[in-house]
Amino acid sequence: MYSKISIIFILILQLICLHYFGNWHLNAGGGDSWGYYGYLPATFIHHDLGTLEKSIATRTKYSKHQDFIDNGNPLRIDEAKHLGEGRQVMKYSMGISILIAPFFLIAHFLALLFDLPADGYSSIYLYFANHACLFYVFFGFLFLRKVLLEYFTDAVTAITLIGLGLGTNLFFFTTYNPTMSHPYLFGLYCLLIYSTIEFYKNPKYKWTFLIGLSCGLIALSRPVEIICLIIPLFYGITNKNDLFKRIDFFKKEWKKILLSIIIYSGIGTIQMMYWKWATGSWIYYSYEDEGFDFSNPHFIEGVFGFQNGWLPYTPIMICALLGILFLWKKRDFLLSVILYLPLHIYIIYSWWCWNYINGFGSRPMIEAYPLLSIPLASFVAFALKKNWSKFLFFLFFIFCIFLNGTHTYQFQKGLIYTEHGHKKFYLQTLGKFNFSYNDYVVNDIREYQPKENKLIKIQEILFEGFNDTLDHINYVCEDTSLCADTLFYFNNKTEVTKKIKTTYDKINFQPGDYIKVSAKIKTTANPNSTWDMAHLVCQIEGPDVNVWKGIKLENKIGGPPYGFWTGKPNVWDEMHFFTQAPTTDQPKETTISIYVWQPRERFIYVNDMKAEIFRKK
């Protein structure tokens, strides 16, 4: 009974948050989400799957913040590869499109019925695509509940389901970013595990059909997840005798096994037929230069790091990892877990972009949660045996749910962007709902900022007022009718201001001193990407040191409020930061330089740039 209530509670809360975030009101977007979805409007509406011209033109109408890139593709997109003569091949496989298809067709029918834009990208399509995710996650929880009740009490099952639904980044990808593949894979893995258990209890064709269907759709959605086959192959094998029995079982039930193989292979053939039609080859690698480096997996950073790492943003799964120790008592899944989990981690963190941008935490770990629910529930069952362990567990359990909810809120408000995260920023902003200017300085330069009222100014070491009125290209008056001062003006070709420098032998450094760098800045527009933001920079260079510290400008000007995207254009503001000077025994020729750097062509005003030395009182 408790487990049923927990699923209803999770569904209601996810539905409320999905509508609160309402991301279908934003735009059609791009990236992975569009790469999965793009098959549908191209096939059923624009009939341009081979060229994507109409599809991209329609998407562009709705894309308020989409950056199109100059990568050699005439459509200036990264989600498809140009084959020449206008032909395009989709970068992503079509599994998620197949899962979304029923919801897409309902949206298209309603768009035609109510005279709404029937173009595949208007709000009604994105509304149904978002709810498709919730549908598959909900049914995944229903199957997972049945799995857990095979081995655990109703109370343990309910706690485990709530932990997965509200205490992991599955919640974020179901409610805030529901067009990625991972929550769909969560639902498919739940179906696979349930079908596997039922097949070995009662071998019927329907179960082998569902095993083949779920494995086929999993691999079609993310081909690296072909390792899902480990689950039906090794479930229930606890010793060598079980292995021989499994082989005999497969021989006896070969017809049913064959059905599963046919279904699995048939689903994979759909993608191969598309590749053959689009490229002339049955097998085609559409990711071009993106790939795996299996000789250098980023295991530590991926699992424990703060730059979209797994456990810092989903600490409840520490309990699942500890619960593996208790699988000796629930041994049906032991071999599957110890084979699947290390292989899954090795593969995903060998990917070139191991921190998996455009998400919260380590998103490809979500598909492992159904299998990890077994050791998680084992740990919960252990923790509930003693009062002291029960108290400690629920304390940690509540903290994990609070932390996950807080992080989701922070992400939704644009306060955090975990692909740019690190330990100091994580700890600085833990549990906060309003961020300060200094929080984002910490994010940029990875240094905690001192309180200025606890410091005393020692000397000004650099100053540039930009009063060179002979340079008419970069030195201008903001208001020519009231030109009492000139300032530096970034035209759209200038990358840096003049660097002003000094050397260590001219500075009265003591250990622990700070360099304060500041400038008055005004921007004319905000970029769509943090990678394109201008920086106020302090650079220290010498024989034994090369330090580069810079703060982003556009997301701080005009605050508060402060966030990753909340800066205000056309407003003058003083930007500043403190950085601790490297050791004071640097060679006298070591230089300190300050400047403003802009990586993208645009217009920025700079004035009164300076560096000062501060010391603790």
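What the table below lists for this structure:
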| quantity | calculated |
| --- | --- |
| Any hit, region 35-46, residues being modelled with pLDDT of 95 or more and either in contact with a Lys or Arg (Cβ under 6 Å, 6 or more places away or on another chain) or of a type in the set (D, E) (or both) | yes |
| Looking only at region 203-240, and only at residues there that are aromatic (F, W, Y), part of a helix (DSSP H, G or I) and touching a Ser or Thr at 6+ places or on another chain (Cβ under 6 Å), the one that is farthest from F333 (Cα to Cα) | W207 |
| Where a residue in region 163-190 is at negative phi and its partner, wherever it lies, is surrounded by fewer than 24 Cβ atoms within 10 Å (Cβ to Cβ) and of a type in the set (D, E), with Cβ under 8 Å and at least six apart | M180/D32; S181/D32 |
| Qualifying position, being buried (at least 19 other Cβ atoms within 10 Å of the Cβ) and either in a helix (DSSP H, G or I) or modelled with pLDDT of 95 or more (or both), among I261, I257 | I257 |
| Single condition Y151 does not satisfy, out of (1) more than 23 Å from the chain's Cα centre (by Cα); (2) surrounded by 24 or more Cβ atoms within 10 Å (Cβ to Cβ); (3) outside any helix (DSSP H, G or I) | (2) |
| Flag if I551 is among the aliphatic types (A, V, I, L, M), over 26 Å from the mean Cα position of the chain (by Cα), part of a strand (DSSP E or B) and buried (at least 17 other Cβ atoms within 10 Å of the Cβ) | no |
| Selection from region 402-415 of residues that are within 13 Å of the chain's Cα centre (by Cα) and either within 11 Å of G361 (Cβ to Cβ) or free of Cβ contacts under 8 Å to residues at least 12 places away in the same chain (or both) | H407, T408, F411 |
| When residues of region 512-537 are limited to those that are open to solvent by less than 10 Å² (accessible area, probe 1.4 Å) and of a type in the set (G, A, S), the one modelled with the highest pLDDT | S518 |
| Whichever residue in region 48-64 is small (G, A, S) and under 28 Å from the mean Cα position of the chain (by Cα) and, among such residues, is least open to solvent (accessible area, probe 1.4 Å) | S55 |
| Residues located in region 99-143, provided they are within 30 Å of T160 (Cα to Cα) and in contact (Cβ under 8 Å) with a residue 60 or more places away in the chain | L99, I100, Y127, A129, N130, H131, L134, V137, F138, G140, F141, L142 |
| Complete set of residues in region 72-89 that are part of a loop (DSSP other than H, G, I, E, B), open to solvent by 20 Å² or more (accessible area, probe 1.4 Å) and within 15 Å of D48 (Cβ to Cβ) | P74, L75, E85, G86 |
| Lone unmet requirement of (1) closer than 18 Å to V517 by Cα; (2) out of contact with any Phe, Trp or Tyr (no Cβ under 6 Å at 6 or more places or on another chain); (3) of a type outside the set (F, W, Y) for I551 | (2) |
| Out of G31, G38, sole residue that is within 27 Å of the chain's Cα centre (by Cα), on the phi > 0 side of the Ramachandran plot and touching a residue at least 24 places away in the same chain (Cβ under 8 Å) | G31 |
| Qualifying positions in region 201-227 - open to solvent by 70 Å² or more (accessible area, probe 1.4 Å) and touching a residue at least 24 places away in the same chain (Cβ under 8 Å) | K204, Y205, F209, P223 |
| Restricting region 574-595 to residues that are over 21 Å from M609 (Cα atoms) and in contact with a Pro (Cβ under 7 Å, 6 or more places away or on another chain), the residue that is least open to solvent (accessible area, probe 1.4 Å) | P587 |
| Test: residue in region 280-289 that is touching a residue at least 12 places away in the same chain (Cβ under 8 Å), over 21 Å from the mean Cα position of the chain (by Cα) and assigned to a helix (DSSP H, G or I) | no |
| Complete set of residues in region 509-548 that are part of a loop (DSSP other than H, G, I, E, B), of a type in the set (D, E) and within 24 Å of E419 (Cα to Cα) | none |
| Some residue of region 316-326 being more than 30 Å from T429 (Cβ to Cβ) and modelled with pLDDT under 95 | yes |
| Residue in region 408-418 that is among the aliphatic types (A, V, I, L, M), surrounded by 13 or more Cβ atoms within 10 Å (Cβ to Cβ) and modelled with pLDDT of 95 or more present | no |
| Cross-chain or 6+ apart pairs with Cβ under 9 Å, region 502-524 first and within 22 Å of Y448 (Cα to Cα) and polar (S, T, N, Q), then at pLDDT 90 or above and surrounded by fewer than 15 Cβ atoms within 10 Å (Cβ to Cβ) | S518/E574 |
| Criterion (without any contact (Cβ under 8 Å) to a residue 40 or more places away in the chain, at negative phi, open to solvent by less than 50 Å² (accessible area, probe 1.4 Å) and assigned to a helix (DSSP H, G or I)) met by exactly one of S389, S336, S378, S373 | S389 |
| Unique residue being farther than 30 Å from K4 by Cβ, under 27 Å from the mean Cα position of the chain (by Cα) and open to solvent by 10 Å² or more (accessible area, probe 1.4 Å) when the list is Y127, Y136, Y92 | Y92 |
| Matching entry among I100, I45 (being surrounded by fewer than 20 Cβ atoms within 10 Å (Cβ to Cβ) and more than 27 Å from D289 (Cα to Cα)) | I45 |
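Rundown of residues vs (1) assigned to a helix (DSSP H, G or I); (2) modelled with pLDDT of 95 or more; (3) buried (at least 24 other Cβ atoms within 10 Å of the Cβ); (4) hydroxyl-bearing (S, T, Y), yes/no style:
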| site | (1), (2), (3), (4) |
| --- | --- |
| F104 | yes, yes, no, no |
| L110 | yes, yes, no, no |
| A118 | no, yes, no, no |
| L142 | yes, yes, no, no |
| A155 | yes, yes, no, no |
| I162 | yes, yes, no, no |
| F172 | yes, yes, yes, no |
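The values are calculated or read from the model by the stated rules, or taken from the named source; none is laboratory data. Quick caveat, the model's predicted, so the values are computed rather than measured. Don't worry about glycine lacking a Cβ; one is built from the backbone with ideal geometry, like all the others, and counts go over all protein chains shown. Keep in mind that these areas ignore ligands, DNA and RNA; they rest on the heavy atoms of the full protein, side chains included. Shrake-Rupley method; radii C 1.70, N 1.55, O 1.52, S 1.80 Å.
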